[in-house]
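In what follows, a structure is listed as structure tokens, so that the remarks can point back to it.
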Amino acid sequence: MFYIYVLQSTKTGRRYVGSCENLDERIRRHNLGHSKATRHGIPWTSMHSEGFSSRADAARKERYYKSGRGRNELNRLSEVRSPRRQVAGSSPAGPIVNCGGAL
């Protein structure tokens, strides 16, 4: 099984998209500083991952997430997972109401 993964740095807030065969080991190596590209952002947390039956399919999805449309999709995904980033009135539970008066 091949995986694509999206990591987010708790230090810098930046994202990193990659692919691998052993997901747990790869994330561990990123957090140990074995990758020059991610050493600056330790610690990293997993934001998203997907499994694929072939390396080619995983590589295709990795390229997509590194494209403009793919980055937009990841932005939407992170907004859904992080309610504090939502704008007033965009909450799935309904609009945010200011008890002291109108917004």
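Pairs are defined by a Cβ separation below 6 Å, a sequence spacing of at least 6 or placement on different chains, a first member in the range 60-79 that is more than 23 Å from residue 2 (Cβ to Cβ), and a second member that is of a type outside the set (S, T, N, Q) and at pLDDT below 95; the pairs so defined are 79/85.
In the set 90, 67, 54, 49, only one residue is at pLDDT 95 or above and more than 17 Å from the chain's Cα centre (by Cα); that residue is 54. The residue that is nearest to residue 71 (Cα to Cα), counting only those in the range 33-58 that are surrounded by 12 or more Cβ atoms within 10 Å (Cβ to Cβ) and among the aliphatic types (A, V, I, L, M), is 47. Note on the range 1-67: enclosed strands (runs of 3 or more DSSP E) holding 3 or more residues that are within 21 Å of residue 79 (Cα to Cα) and among the polar types (S, T, N, Q) are 44-52. In the range 12-32, of all residues being charged (D, E, K, R) and within 18 Å of residue 55 (Cα to Cα), the one that is surrounded by the most Cβ atoms within 10 Å (Cβ to Cβ) corresponds to 26.
The values are calculated or read from the model by the stated rules, or taken from the named source; none is laboratory data. Predicted model, so just to flag it, every value in this text is computed and none were measured. Please note: Cβ atoms are built from the backbone with ideal geometry, for glycine as well, and neighbour counts cover all protein chains shown.
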